[in-house]
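**Q** Here it is, the structure, as structure tokens.
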Amino acid sequence: METADLIFKIVFVLGVFGVSLVIAMYSTYAERKVAAFFQDRIGPNRAGPFGLLQPLADGVKMFMKEEIIPTHADKALFILGPSIAMLTACMTSVVIPWGSSLIINGKEYVMQITDVNIGILYVFGVVSIGVYGIMIGGWASNNKFSLLGALRASSQMISYELAMGMSIIALVMMTGTLSIREIVESQPGAHWNVFVQPLGFLLFLICAFAETNRTPFDLPECETELVGGYHTEYSSMKLGFYLFAEYINMFISSAIIVCLYFGGYNFPFLNSLGLSHNLTAILGTVLMFGKIFFFIFFFMWVRWTIPRFRYDQLMRLGWKILIPLAVLNIVITAVVLLFKYDLWNTSIN
Amino acid sequence: MSKIAFFVLAFLSIFSAMMVVFSRKPVHSVLSLIFCFFTIAGHYILLNAQFLAAVHIIVYAGAIMVLFLFVIMLLNLNAESEPHKTSAGKIAAVVSGGLLLLVLVSVLKSTDGLQLSAAPDSQVGMVKNLGMVLYDKYMLPFEVSALLFLTAMIGATMIGKKELD
């Protein structure tokens, strides 16, 4: 690797990392503002203009609070829990293509940290490790509410991972690749996958809500039944990490939804504007972030609109509705693909 | 470079595998086993089998070990409540373990003279090649093993159903 490549990669990695942290930080602010709007309140407006410094104030508060590790807790695992949650939240952004490519000094730099040819599987792998952060934290707290929360979280995440994987299979069958970049490139202009895979998109969206433990699937931290769920015993920045990881996950899942179903950095008429390559790429990235912000807003919109499920409803939805629908989607996609392939073959001969 | 990575991974996988046996708390054993699976996934990547590595992590570390951890967390095992093992059982375990070691050593010894039949291909473990081989050359075994999984699934459902009635 040349020095220029290496510098670009390092800058890009730090940039992606910084941007995801800042977006997660301001998602907390946005969430409170959105909630306030939905409930006809004003929301945070004391720290800075329009309360814009509120996330910073919250962060400082989190760091300054006393750290408490319960006496009967397994100390090492108690610390490991939030660390894993934060680590896995930050790991997924590696395979997401944030833009097409930039040409600097006649050299092309791809705006993606790494294009693994099994990108989607990598995302699933990281998501499935994410369960451990919650499970270990909940168990190590040595508190029955924490344990119950952790068990709920893990059984929910395993159940919805299945439906999520199956909803993706139909998409992979269509595009014929597991690389997220190639999937994005297969939907130029307005040929977004959501128009050909509406059912798959719906399934994926529901499962994304369940995987990020957001309402209506936030039973692991259901305060009316479980105090605080798996993070009941946590305080200070360790609690902060759990909460923060949720917001990073929300950002990343929005980004993945946009990449898989909404064309990523593609936008109608973007390439026919006649702009230079770099400008098109930057505009594409900006538009992609626009789509991502819409989905983050959508997450919040749902949270403040829909009440949470009961646990048996959650399991029934996962196993008896989503998985059969995902299988149906696979079968329909397969039949359509076969039909199209046959048609294509006969028209050639 | 890959040699250093191999030795670090090999050390970590053997160390974590030993921690599974030696650690006092069952939950720590399970966590070491999960870590061991990760190092094995690392070995797969060194062998250019990216797909296998990803599936290994999703299936073993992500699903099966979560269920292990589930059961052990709910049982809440610790040193005091641990059931006392009889000495006959211990002797049987030692004998069977020793026999397994003997078989493994003899198998590994016989691989000394083997030559690699084909030149290592860096693309061999990629999804495309793997899919071509699985659905072309080994179609029947693949489908048969899929049937086997289906049977196991139905069996598990049947056992689960029985308890309800």
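The values are calculated or read from the model by the stated rules, or taken from the named source; none is laboratory data. Predicted, not measured: the structure shown is a model, and the values here were computed from it. With ideal geometry, Cβ positions are generated from the backbone for all residues, glycine too; neighbour counts draw on all protein chains shown.
**Q** If residue A:331 satisfies every condition in (1) buried (at least 22 other Cβ atoms within 10 Å of the Cβ); (2) over 28 Å from residue A:92 (Cα atoms); (3) not hydroxyl-bearing (Ser, Thr, Tyr) but one, which is the exception?
**A** (1)
**Q** Conditions: (1) at pLDDT 85 or above; (2) surrounded by fewer than 17 Cβ atoms within 10 Å (Cβ to Cβ); (3) at negative phi. Residue A:90 meets all but one. Number of the miss?
**A** If we test residue A:90 against (1) at pLDDT 85 or above; (2) surrounded by fewer than 17 Cβ atoms within 10 Å (Cβ to Cβ); (3) at negative phi, just (2) comes out false.
**Q** Just give me the residues in segment A:132-147 being more than 19 Å from residue B:68 (Cβ to Cβ) and either buried (at least 24 other Cβ atoms within 10 Å of the Cβ) or modelled with pLDDT of 85 or more (or both), in sequence order.
**A** Residues satisfying the conditions are A:141, A:146.
**Q** Just to be sure, is residue B:69 touching a residue at least 40 places away in the same chain (Cβ under 8 Å) and either more than 14 Å from chain A (Cβ to nearest Cβ) or part of a helix (DSSP H, G or I) (or both)?
**A** For residue B:69, the condition - touching a residue at least 40 places away in the same chain (Cβ under 8 Å) and either more than 14 Å from chain A (Cβ to nearest Cβ) or part of a helix (DSSP H, G or I) (or both) - is met.
**Q** Condition test on residue B:35, is it more than 12 Å from chain A (Cβ to nearest Cβ) and hydrophobic (A, V, I, L, M, F, W, C)?
**A** Here the answer is no, as residue B:35 does not meet what is asked.
**Q** Starting from residues that are part of a loop (DSSP other than H, G, I, E, B) and over 18 Å from residue A:327 (Cα atoms), keep the ones in segment A:190-208 and report whichever is modelled with the highest pLDDT.
**A** A:192
**Q** Also, I was wondering about something else. Taking segment A:167-213, which residues are farther than 30 Å from residue A:309 by Cα and among the small types (Gly, Ala, Ser)?
**A** Listed by number, the residues that qualify are A:176, A:179, A:186, A:189, A:190.
**Q** Would you call residue A:79 touching a residue at least 60 places away in the same chain (Cβ under 8 Å), touching a strand residue (DSSP E or B) at 6+ places or on another chain (Cβ under 8 Å), more than 12 Å from chain B (Cβ to nearest Cβ) and surrounded by fewer than 18 Cβ atoms within 10 Å (Cβ to Cβ)?
**A** Answer is no for this residue.
**Q** Right, something else. Looking at A:234, A:242, A:230, A:247, which is the one that is farther than 16 Å from residue A:98 by Cα, touching a residue at least 60 places away in the same chain (Cβ under 8 Å), hydroxyl-bearing (Ser, Thr, Tyr) and not in a helix (DSSP H, G or I)?
**A** Every option except A:234 fails the conditions.
**Q** Do the conditions hold for residue A:161, that is, is it within 12 Å of chain B (Cβ to nearest Cβ), touching a Gly at 6+ places or on another chain (Cβ under 9 Å), more than 30 Å from residue A:78 (Cβ to Cβ) and of a type in the set (D, E, K, R)?
**A** Considered against the rule, which asks whether it is within 12 Å of chain B (Cβ to nearest Cβ), touching a Gly at 6+ places or on another chain (Cβ under 9 Å), more than 30 Å from residue A:78 (Cβ to Cβ) and of a type in the set (D, E, K, R), residue A:161 comes out as no.
**Q** Among the residues of segment B:16-32, write down those that are within 14 Å of another protein chain (Cβ to nearest Cβ) and of a type in the set (A, V, I, L, M).
**A** B:19, B:27, B:30, B:31
**Q** Could you look through segment A:103-127, keep only residues that are of a type in the set (D, E, K, R) and more than 21 Å from residue A:176 (Cβ to Cβ), and pick out the one that is farthest from the other protein chains (Cβ to nearest Cβ)?
**A** Once the filter is applied, the top-ranked residue is A:107.
**Q** Continuing with the same structure: Can you report the number of residues in segment A:128-151 which are within 17 Å of residue B:41 (Cβ to Cβ) and facing another protein chain (nearest Cβ under 8 Å)?
**A** 4
**Q** Can you tell me how many residues within segment A:148-173 are of a type outside the set (Gly, Ala, Ser), touching a residue at least 60 places away in the same chain (Cβ under 8 Å) and surrounded by 19 or more Cβ atoms within 10 Å (Cβ to Cβ)?
**A** Qualifying residue count, segment A:148-173: 7.
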